[in-house]
Amino acid sequence: MSRYLIVVSVLVLLAACSDAPESPVPVVDADSPARPVYDEEAIKQQAAQALLPFKQQLMQALQRGLEQGPAQAIDVCRLQAPAIAAAASVDGVTIGRTSFRLRNPGNAPSVWQQVGLRHYQQSEDREPMLIDLENGQMGYMEPIVTAPMCLACHGSELSVEVKDALAKHYPADQATGFAAGDLRGIFWVSLPVTDQVVPSP
């Protein structure tokens with residue numbers, strides 16, 4: 001099993017405060033049903049395919065916005081990106097973006113997404129990863145790497161127009177000061193994977 005297939009319940013314990021008192025390791029009932037084994041590569045491909053239209057449409061919208069000025073690109077992320085994500089979230093699949101330095105508080109990471117963000121922050125790994133959300137659901141994440149075109153709104157040197165737009169729409173913005181190639185955040189997908197259980201031998 002891939003090292004990226006992680007059980008969220010375990011990770012929540014690892015992410016808890018380090019000063020918390022130790023608790024006994026739970027005993028697993030020998031009669032409890034075995035956890036399903038999933039076809040991880042098939043799930044990654046399925047999630048990547050579900051995510052692709054969102055990434056493509058968002059990039060196209062941002063490029064059109066930048067052609068009209070960086071402040072317009074901010075409006076794309078503010079207004080169009082949520083609608084694009086909602087349109088791509090169908091058939092039990094949910095798609096979005098999040099970061100460790102947020103611009104939009106509505107994109108705050110869930111517990112399992114925090115695990116992925118921490119993994120990418122603490123390593124040079126930039127491969128997609130999976131997290132078992134249990135109950136037939138899987139979480140998929142891909143890192144967002146800062147592209148040169150993103151620096152107009154996320155870099156260290158911002159125009160007065162961009163600063164004014166950020167102050168108006170995102171007064172608590174944390175998403176500036178990035179350089180090209182920096183980890184910006186993650187794309188994420190949650191999806192049902194009951195059809196990807198590997199049959200028992």
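The values are calculated or read from the model by the stated rules, or taken from the named source; none is laboratory data. Keep in mind it's a predicted model, so treat the numbers as computed, not measured. Using ideal geometry, Cβ is built from the backbone for each residue, glycine included, and neighbour counts are taken over all protein chains shown.
What the table shows:
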item	result
Counted residues, segment 52-61 - those being more than 18 Å from the chain's Cα centre (by Cα) and either at pLDDT below 90 or of a type in the set (S, T, N, Q) (or both)	1
Any hit, segment 105-119, residues being within 19 Å of PRO82 (Cα to Cα), within 12 Å of the chain's Cα centre (by Cα) and surrounded by 20 or more Cβ atoms within 10 Å (Cβ to Cβ)	yes
Tally, over segment 45-69, of residues that are surrounded by fewer than 19 Cβ atoms within 10 Å (Cβ to Cβ), assigned to a helix (DSSP H, G or I) and either touching a Ser or Thr at 6+ places or on another chain (Cβ under 9 Å) or not hydrophobic (A, V, I, L, M, F, W, C) (or both)	11
Residue check, VAL145 without any contact (Cβ under 8 Å) to a residue 12 or more places away in the chain and either under 17 Å from GLY69 (Cα atoms) or in contact with a strand residue (DSSP E or B) (Cβ under 8 Å, 6 or more places away or on another chain) (or both)	no
Complete set of residues in segment 137-161 that are of a type in the set (Gly, Ala, Ser), surrounded by fewer than 17 Cβ atoms within 10 Å (Cβ to Cβ) and closer than 22 Å to LEU52 by Cα	ALA147
Qualifying residue in segment 162-172 (condition: surrounded by 13 or more Cβ atoms within 10 Å (Cβ to Cβ) and in contact with a Leu (Cβ under 8 Å, 6 or more places away or on another chain))	yes
Residues being within 21 Å of GLY92 (Cα to Cα), hydrophobic (A, V, I, L, M, F, W, C) and surrounded by fewer than 13 Cβ atoms within 10 Å (Cβ to Cβ) - total across segment 175-200	2
Subset of segment 72-104 that is farther than 30 Å from SER159 by Cα and hydroxyl-bearing (Ser, Thr, Tyr) - its residue that is farthest from the chain's Cα centre (by Cα)	SER89
Members of segment 80-104 found to be surrounded by 13 or more Cβ atoms within 10 Å (Cβ to Cβ) and without any contact (Cβ under 8 Å) to a residue 40 or more places away in the chain, listed by number	GLN80, ALA81, PRO82, ILE84, ALA85, ALA86, ALA88, SER89
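Condition check ((1) within 21 Å of CYS77 (Cα to Cα); (2) among the β-branched types (Val, Ile, Thr)) across all residues:
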{"position": "GLY116", "(1), (2)": "no, no"}
{"position": "GLU134", "(1), (2)": "no, no"}
{"position": "GLN137", "(1), (2)": "no, no"}
{"position": "CYS153", "(1), (2)": "yes, no"}
{"position": "SER159", "(1), (2)": "yes, no"}
{"position": "ALA172", "(1), (2)": "yes, no"}
{"position": "ARG184", "(1), (2)": "yes, no"}
{"position": "VAL197", "(1), (2)": "no, yes"}
